[in-house]
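The values are calculated or read from the model by the stated rules, or taken from the named source; none is laboratory data. Keep in mind it's a predicted model, so treat the numbers as computed, not measured. Don't worry about glycine lacking a Cβ; one is built from the backbone with ideal geometry, like all the others, and counts go over all protein chains shown.
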Amino acid sequence: MKPSGKRSRLHPLLLATALLAGPAAAFNLDSDTPIKVAADSARLDDSAGTAVYTGDVELTQGETRLEADRVVLYRNDQGVSRIEAAGSPAHYRQPGQEAEGMTDARALNITWSGDESLVIFEREAVIEQGGNIFRGDIIHYDTVRRVVTAEGGASPEGGSGRVEMVIQPRNSAQSSDGKGSDGSSESQ
């Protein structure tokens, strides 16, 4: 199926350096820090390897935080392998590394797949970090290769429905290591 004229795809490395520059924009399965969940209700199904949490759900691992109306955790032999969150919107926050700002993302659906090293923000997706803003209907983030792919879509708010970015100028966000807000070095 061909993308319609209203849909835009923005590929690879430009976005990876501009936003989500941390080593992994997701929960870390290799960490010794446990993932904690609080919710109004929970349904655990050991045989299916799922846990469904509903009502003001808060998932935390260290300072990484996910808030949603509903969260489904999928487990395999290694532990949590997938997290699906839905909200109006669901919020994801992760502290930045060194000079990076906090990553603050929201979308109606957020899916994290540990097996695929992928975070997907769907429907009304917005990601903010260090003054940089990225909007799209669907945003895929490969946490290993640090590649972002985005698609626009019909906007119910009357917007363009296109992928939109705001990248702060390098000189306004220089860090102590000489890297700008887009992750590039000053000499480039």
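Applying the set (1) under 30 Å from Pro169 (Cβ atoms); (2) surrounded by 18 or more Cβ atoms within 10 Å (Cβ to Cβ); (3) out of contact with any helix residue (DSSP H, G or I) (no Cβ under 8 Å at 6 or more places or on another chain) to Phe134 leaves exactly one unmet item: (3). The condition of being of a type in the set (Gly, Ala, Ser) and touching a Leu at 6+ places or on another chain (Cβ under 6 Å) holds for only one of Gly114, Gly131, Gly87, Gly101, that being Gly114. Report, by residue number, each residue of the stretch 88-107 that is surrounded by fewer than 18 Cβ atoms within 10 Å (Cβ to Cβ) and either at negative phi or in a strand (DSSP E or B) (or both). Hits for the stretch 88-107 are Ser88, His91, Arg93, Pro95, Gly96, Gln97, Ala99, Gly101, Met102, Asp104. Entry remark, the stretch 38-71: residues being surrounded by fewer than 18 Cβ atoms within 10 Å (Cβ to Cβ), β-branched (Val, Ile, Thr) and within 20 Å of Gln94 (Cβ to Cβ) number 1 in total.
When we screen Val52, Val72, Val80 for residues that are out of contact with any Lys or Arg (no Cβ under 6 Å at 6 or more places or on another chain), at pLDDT 90 or above and in a strand (DSSP E or B), the only hit is Val72. Whether a residue is hydrophobic (A, V, I, L, M, F, W, C) and either closer than 22 Å to Gly62 by Cβ or modelled with pLDDT under 80 (or both) was assessed, and Val148 passes this test.
Selection of the stretch 73-87 for residues being at negative phi and surrounded by fewer than 18 Cβ atoms within 10 Å (Cβ to Cβ) yields Tyr74, Arg75, Asn76, Asp77, Gln78, Ser81. When the stretch 118-155 is filtered for residues that are outside any strand (DSSP E or B), under 22 Å from Glu67 (Cα atoms) and without any contact (Cβ under 8 Å) to a residue 60 or more places away in the chain, the ones remaining, listed by number, are Gly130, Gly131.
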